[in-house]
1. Does the stretch 35-79 hold any residues that are β-branched (Val, Ile, Thr) and either without any contact (Cβ under 8 Å) to a residue 12 or more places away in the chain or out of contact with any Asp or Glu (no Cβ under 6 Å at 6 or more places or on another chain) (or both), and which are they?
2. Exactly one of (1) aliphatic (A, V, I, L, M); (2) in contact with a Lys or Arg (Cβ under 9 Å, 6 or more places away or on another chain); (3) buried (at least 17 other Cβ atoms within 10 Å of the Cβ) is unmet by MET56. Its number?
3. Can you tell me which residue is modelled with the highest pLDDT among those in the stretch 32-53 that are surrounded by fewer than 12 Cβ atoms within 10 Å (Cβ to Cβ) and at negative phi?
4. Looking at ALA107, is it surrounded by 11 or more Cβ atoms within 10 Å (Cβ to Cβ) and either farther than 25 Å from LEU7 by Cα or under 16 Å from the mean Cα position of the chain (by Cα) (or both)?
5. Consider only pairs whose beta carbons are under 7 Å apart and that are at least six residues apart or on different chains; among these, list those whose first residue lies in the stretch 144-172 and is under 28 Å from THR40 (Cβ atoms) and whose second residue is part of a helix (DSSP H, G or I).
6. Which of the residues belonging to the stretch 55-81 are of a type in the set (Lys, Arg) and more than 17 Å from VAL30 (Cα to Cα)?
7. Answer yes or no as to whether ARG139 is part of a loop (DSSP other than H, G, I, E, B), surrounded by 12 or more Cβ atoms within 10 Å (Cβ to Cβ), basic (Lys, Arg) and outside the structural domain of LEU66 (by TED's automatic domain parsing).
Amino acid sequence: MPLEPLLPLFHQLNREHFDGRLAPDDRPLVVLRWSDGRLTRTAGLYRRWGSSPGEMRSEILLSRPLLDPLPRTATLSTLCHEMIHAWVDRVLGVREAHGPHFRARMALINSRQPGFEVSLRHRFPVPLRPARWLARCPRCGLRSPYRRRREGLACRLCCERWHGGRWHADCLLVFEPLTP
Ligand SMILES: [Zn+2]
Ligand SMILES: [Zn+2]
């Protein structure tokens, strides 16, 4: 299924909840993009380059792999969350993450429409990708699944128990491939 274009959603939310301030003269202050398949740490993010007003560039990136399988309200609430970041940063000119300005606007938006809810965190399930490796601790025998093989990982429990919390080669995890 093709992804929903973000620009119309942006203009709609901008009109309804940001008094149009995120697109003066109908020109959005931010570039909107769907991510490729790799953004799975978060459903969305906002970022800005440049510090003087003339050279500021902002972007909102939404996670295709996380949001695509979810209902449209997840896209709306994630986009709206990132738009609040853009509004605090570019319209108010305040440097804060989820500070008082962010929270006040979020509460206002949530109180005046029932269609979706903006939250502080994007709590969406990450589609499971099967583990390909089992990491085994040679001291305590604990096994944990990993998607990728990692060098130099030591068992935290054993480092805490036997080495005062410091990394020690005795507790280096041994990676064994998992055959499906
Ligand atoms: Zn945020
Ligand atoms: Zn261990």
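The values are calculated or read from the model by the stated rules, or taken from the named source; none is laboratory data. Source: prediction; values computed, not measured. Cβ sites come from the backbone with ideal geometry, for glycine too, and all protein chains shown count toward neighbours.
1. Hits for the stretch 35-79 are THR40, THR42, THR73, THR75, THR78.
2. (3)
3. Within the stretch 32-53, the subset surrounded by fewer than 12 Cβ atoms within 10 Å (Cβ to Cβ) is 36-38, 41, 49-53.
Next cut, at negative phi only: 36-38, 41, 49, 51-53.
Details: ASP36: 87, GLY37: 83, ARG38: 83, ARG41: 83, TRP49: 92, SER51: 82, SER52: 82, PRO53: 74.
Among them, the one singled out is TRP49.
4. Working: surrounded by 11 or more Cβ atoms within 10 Å (Cβ to Cβ): yes; either farther than 25 Å from LEU7 by Cα or under 16 Å from the mean Cα position of the chain (by Cα) (or both): no.
For ALA107, the condition - surrounded by 11 or more Cβ atoms within 10 Å (Cβ to Cβ) and either farther than 25 Å from LEU7 by Cα or under 16 Å from the mean Cα position of the chain (by Cα) (or both) - is not met.
5. Listed by first residue and then by second, the contacts come to ALA154/CYS171; CYS155/CYS171; TRP167/CYS159.
6. Residues of the stretch 55-81 of a type in the set (Lys, Arg): 57, 64, 72.
Selection gives ARG64, ARG72.
7. On the way: part of a loop (DSSP other than H, G, I, E, B): yes; surrounded by 12 or more Cβ atoms within 10 Å (Cβ to Cβ): yes; basic (Lys, Arg): yes; outside the structural domain of LEU66 (by TED's automatic domain parsing): yes.
Here the answer is yes, as ARG139 does meet what is asked.
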